[in-house]
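Peer 1: For reference, the structure I am asking about is given below.
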Amino acid sequence: MDHPNTSPAKTRWVFVMEPERCIDCEACMISCSVENEAPLGKHRNWIVKIDKGIYPNLSTTFLPENCHHCSNPPCERVCPTGATYRREDGLVLVDFDKCIGCKYCMMACPYDARFVNEEKKAVDKCTFCVHRLDAGLPPACVETCIGHARHFGNINDPESEVAKLLAKHPYYRLYEEAGSEPAIYYIYSNRVIE
Amino acid sequence: MEHIEFHWNALIVFYLFTAGVSAGAFFVSGLATYLGGERYKRISRIGALIAPWPVMLGLLSLVFDLTKPFEFWWLFLTVQATSPMSIGAWLLTLFTVVALVYFLLWFPRPWRDLLKAPQRRSAPNTPRIWKPLDQAQINKARRIVAAIGAPISIGVGMYTGVLLGAVPARPLWNTPMVAQLFLVSAMSTGAAAVLLIAALLRPKAGHDYLHEERRFLVSLDIMLILVEIFIVTPFFLHQALSTWSSSSSLRILLGGPYTLLFWLGFVLLGLLAPLAIEGFELFPVVWREQAVRYSRLWAGLSATLVLVGGAVLRYVIVFAGQVSHFLPLYTR
C-alpha cells in the first residue's frame, strides 16, 4: 500500500512527540495563542493528562497534541464548500472565507482538534504555523517547548531530527483505526530517558 | 461523564426531522396516487399540500445554525462528491422544487393555474398560447411528478441518516442503522403527518372512501413501524457484540443520560404505543373482513405519537452520537 506519509521525494511535515519529556508547563499553548491569536478560552493545541496505576503505584503521562494534519483527513472529506483543503506538503488548512461554519468537520475529526472561532465566524484549528513554515521557521510551540517533548520536521528527509527519532524508537499514532493517517507520532513512554 | 460540548444542537434535530416529514409526506402522497387514484385522493392531496413546507422550515433552521447564515450560498458554488452535506444541499433543493410543483398541481384554483401548458396552434404562424392545465393534464402531471419525486424523497430520507453515518469518529453514527432507521422513520412520520391532518379535518358529508383511506394509512404505518423494530433490534445485538467503541456507544442508550428518552420517548411512545393503537384499529379488517375501526381521536393520537417518537429518535441519535467516541488509547 502506498503510504502517503513516507513516499520519499515529497516534503511531509510531521510532529514527533516524546510524552516522557512533557511536564505540562503549557508553554506550547501560550506561545500558540500568542502566535496565532486564538480567541480567549479556545486553543489550537492542548495536553492530555493520563493517570495510570493504583495507589500507591501511580504515574501521570502528558500527551501534547494539536491537529494531526492527516494524510486522509476525515474533516476535508466532509467539508461541503471545500473550505478545508490539503496542501501539497500535507498541511490541512481552512479557508476562512469559504467556511460557512456548518461544523460538520468538527463532527468528523477523531481528535476534536477543531473549534469555532467566534471572531472569525469560522472553524479554526492548528496550521502547523504555516506562516512560519513558509518563512523557514519551525512552529511556535516547538520553539518554546522547554522539555524538548515536541519535535518537528520533514519525515521524508532521513537527516531530519524526526526521521532519526522514528528510526531509533518504537512509536505509535492516535486513532489509526479512523483511517486518517495522522502526522503526529508519539514515542512510547515506557523507556528510560538517556 | 466528561463534559462534552454539543456543536450540533436542536436546530440540526429540527432540520433532520422536518426533512424526514416532508420526504415521507411526499412519498405517501405519491404512493396513494398510484395505488388508490380516486379512492385515496384526500390522502394524496393532504400529503402534497404538506410536503414542501416542513423541509423549507428545516433548511431555514439549518442556515441559522451556521456561523455565517448569510453566506450559505457557498454550498451552491460547488459539488463536493465526498461530502454528504454538499450532496444533501443539492438534493434538498431539488426535492423542494419538485415538492412545490407537486403542491401546485394539487392546490385548488386559482394557484393551480400558475402551471400552464402550451396549446396546439390554431393556425400556422400564430404565437403559441399557454393555457392552464385541464383536469386530464393535471392528473397525468400529478403522476409524472410523483414518479420523479419518489426516488428523490427516498434520497432525502436516507441522506438525513447518511449525514451522520459518514463520520467514523462517532461510533454510534457510523453504522448503517442510522440511515435505515431515519429513512423508514421519515416515511412513518410523513404518513403520520398526513394522518394527523386527515383526522383534524372534518370529512365532507358523503365522503365514501373514509374507511379505505384509513385502512391504507394505518396498514402502511404498521408496516413501517415493524420495519423500524426490525432495524433497531439487530442494531442492538450487533453493537453489543462489537468492538469497545461500538459497545460503549450502545451503553449511552442502555444506561446513560439518553436511556429514558430513547426507551420511553422513542421505543414505547413512538413505536409500541402507535403500533398497539393502529393494530386495534386494523384488527376487525384482518379478522372479520369488516371496516376499520375509525375514530378521529385514536387516529390523531397515534399520528401525534409517531411524530413525537420520530423527533425524539433524531434528538437522541444526534446528541448521543456526539458523546460516543473511540477507545481512549492514551494508555501506553
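Peer 1: Out of all the residues in the range A:104-121, which are facing chain B (nearest Cβ under 8 Å) and either under 15 Å from residue A:84 (Cα atoms) or touching a Cys at 6+ places or on another chain (Cβ under 6 Å) (or both)?
Peer 2: Across the range A:104-121, the qualifying residues are A:104, A:106, A:107, A:108, A:109, A:116, A:121.
Peer 1: Being free of Cβ contacts under 8 Å to residues at least 24 places away in the same chain and open to solvent by 30 Å² or more (accessible area, probe 1.4 Å) is the filter; apply it to the range A:158-173 and report the residue that is nearest to residue B:326 (Cα to Cα).
Peer 2: Filtering first and then ranking leaves A:170.
Peer 1: Additional query: If a residue has to be touching a Leu at 6+ places or on another chain (Cβ under 8 Å) and either more than 7 Å from every other protein chain (Cβ to nearest Cβ) or not in a loop (DSSP other than H, G, I, E, B) (or both) to count, how many in the range A:92-103 make the cut?
Peer 2: Count: 0.
Peer 1: Sort out which residues of the range B:41-78 are open to solvent by less than 20 Å² (accessible area, probe 1.4 Å), out of contact with any Lys or Arg (no Cβ under 9 Å at 6 or more places or on another chain) and assigned to a loop (DSSP other than H, G, I, E, B), and write them in order of number.
Peer 2: B:51
Peer 1: Going through the range A:107-129 one residue at a time, which ones are charged (D, E, K, R) and either in a loop (DSSP other than H, G, I, E, B) or open to solvent by 20 Å² or more (accessible area, probe 1.4 Å) (or both)?
Peer 2: Result: A:112, A:114, A:118, A:119, A:120, A:121, A:125.
Peer 1: Anything in the range A:176-189 that is within 17 Å of residue A:77 (Cβ to Cβ) and either at pLDDT 90 or above or not in a loop (DSSP other than H, G, I, E, B) (or both)? List them, or say none.
Peer 2: A:176, A:177, A:178, A:180, A:181, A:182, A:183
Peer 1: When you scan the range B:26-40, how many residues do you find that are surrounded by fewer than 18 Cβ atoms within 10 Å (Cβ to Cβ) and outside any helix (DSSP H, G or I)?
Peer 2: Qualifying residue count, the range B:26-40: 3.
Peer 1: Can you tell me which residue in the range A:43-62 is nearest to the other protein chains (Cβ to nearest Cβ), limited to those that are exposed (fewer than 10 other Cβ atoms within 10 Å of the Cβ) and either outside any strand (DSSP E or B) or in contact with a Gly (Cβ under 8 Å, 6 or more places away or on another chain) (or both)?
Peer 2: So the residue we want is A:55.
Peer 1: Follow-up question, since we're still on this one. I want to confirm something. Restricting to the range B:61-75 and keeping residues that are under 14 Å from residue A:83 (Cβ atoms) and not polar (S, T, N, Q), which single residue is farthest from the other protein chains (Cβ to nearest Cβ)? Give the steps one after another, and end with the answer.
Peer 2: At the first step, the residues of the range B:61-75 found to be under 14 Å from residue A:83 (Cβ atoms) are B:66-68, B:71-75.
Narrowing the set further to residues that are not polar (S, T, N, Q) leaves B:66, B:68, B:71-75.
Values: B:66: 5, B:68: 5, B:71: 5, B:72: 6, B:73: 9, B:74: 4, B:75: 6 Å.
Among those that are under 14 Å from residue A:83 (Cβ atoms) and not polar (S, T, N, Q), it is B:73.
Peer 1: Please indicate, with yes or no, whether at least one residue in the range A:135-154 is free of Cβ contacts under 8 Å to residues at least 40 places away in the same chain, open to solvent by less than 30 Å² (accessible area, probe 1.4 Å), in contact with a Pro (Cβ under 8 Å, 6 or more places away or on another chain) and more than 14 Å from every other protein chain (Cβ to nearest Cβ).
Peer 2: Checked against the condition, which is being free of Cβ contacts under 8 Å to residues at least 40 places away in the same chain, open to solvent by less than 30 Å² (accessible area, probe 1.4 Å), in contact with a Pro (Cβ under 8 Å, 6 or more places away or on another chain) and more than 14 Å from every other protein chain (Cβ to nearest Cβ), the range A:135-154 yields no hits at all.
Peer 1: In the list B:86, B:44, B:29, which residue meets the criterion of being more than 18 Å from residue B:314 (Cβ to Cβ) and touching a Cys at 6+ places or on another chain (Cβ under 9 Å)?
Peer 2: Residue meeting the stated conditions: B:86.
Peer 1: Considering only residues of the range B:91-114 that are among the hydroxyl-bearing types (Ser, Thr, Tyr) and in contact with a helix residue (DSSP H, G or I) (Cβ under 7 Å, 6 or more places away or on another chain), which is surrounded by the most Cβ atoms within 10 Å (Cβ to Cβ)?
Peer 2: If we take residues in the range B:91-114 being among the hydroxyl-bearing types (Ser, Thr, Tyr) and in contact with a helix residue (DSSP H, G or I) (Cβ under 7 Å, 6 or more places away or on another chain), then B:102 is surrounded by the most Cβ atoms within 10 Å (Cβ to Cβ).
Peer 1: Among all residue pairs at least 6 apart or on different chains, which show Cβ distances below 8 Å where the first residue, located in the range B:68-81, is at negative phi and the second is open to solvent by 60 Å² or more (accessible area, probe 1.4 Å) and in a helix (DSSP H, G or I)?
Peer 2: B:76/B:90; B:79/B:87; B:79/B:90; B:80/B:87; B:81/B:87
Peer 1: Can you name the residue in the range B:295-318 that is open to solvent by 20 Å² or more (accessible area, probe 1.4 Å) and modelled with pLDDT under 95 and, of all such residues, is nearest to the other protein chains (Cβ to nearest Cβ)?
Peer 2: Of everything passing the filter in the range B:295-318, B:301 is nearest to the other protein chains (Cβ to nearest Cβ).
Peer 1: Give me a count of the residues in the range B:129-152 that are open to solvent by 70 Å² or more (accessible area, probe 1.4 Å), among the aliphatic types (A, V, I, L, M) and not in a helix (DSSP H, G or I).
Peer 2: Count: 1.
Peer 1: Can we say residue B:179 is more than 14 Å from chain A (Cβ to nearest Cβ), open to solvent by less than 60 Å² (accessible area, probe 1.4 Å) and out of contact with any Cys (no Cβ under 8 Å at 6 or more places or on another chain)?
Peer 2: Taking the combined requirement at face value, the residue satisfies it.
Peer 1: State yes or no: is residue B:117 aliphatic (A, V, I, L, M), closer than 30 Å to residue B:325 by Cα and open to solvent by less than 60 Å² (accessible area, probe 1.4 Å)?
Peer 2: Here the answer is no, as residue B:117 does not meet what is asked.
Peer 1: Considering the range A:74-98 alone, what residues qualify as being of a type in the set (Val, Ile, Thr), open to solvent by less than 20 Å² (accessible area, probe 1.4 Å) and closer than 23 Å to residue A:176 by Cα?
Peer 2: Passing the criteria: A:78, A:84, A:92.
Peer 1: Suppose the filter is buried (at least 19 other Cβ atoms within 10 Å of the Cβ) and hydrophobic (A, V, I, L, M, F, W, C); does residue B:253 pass it?
Peer 2: Details: buried (at least 19 other Cβ atoms within 10 Å of the Cβ): yes; hydrophobic (A, V, I, L, M, F, W, C): yes.
Spelling it out, residue B:253 is indeed buried (at least 19 other Cβ atoms within 10 Å of the Cβ) and hydrophobic (A, V, I, L, M, F, W, C).
Peer 1: Among the residues of the range A:177-194, write down those that are farther than 17 Å from residue A:19 by Cβ and without any contact (Cβ under 8 Å) to a residue 24 or more places away in the chain.
Peer 2: A:177
The values are calculated or read from the model by the stated rules, or taken from the named source; none is laboratory data. Not measured: the values here are computed from a predicted model. Here Cβ is always computed from backbone atoms with ideal geometry, including for glycine, and neighbour counts include all displayed protein chains. In case anyone asks, the SASA skips ligands and DNA or RNA and just uses the protein heavy atoms, side chains included. Shrake-Rupley method; radii C 1.70, N 1.55, O 1.52, S 1.80 Å.
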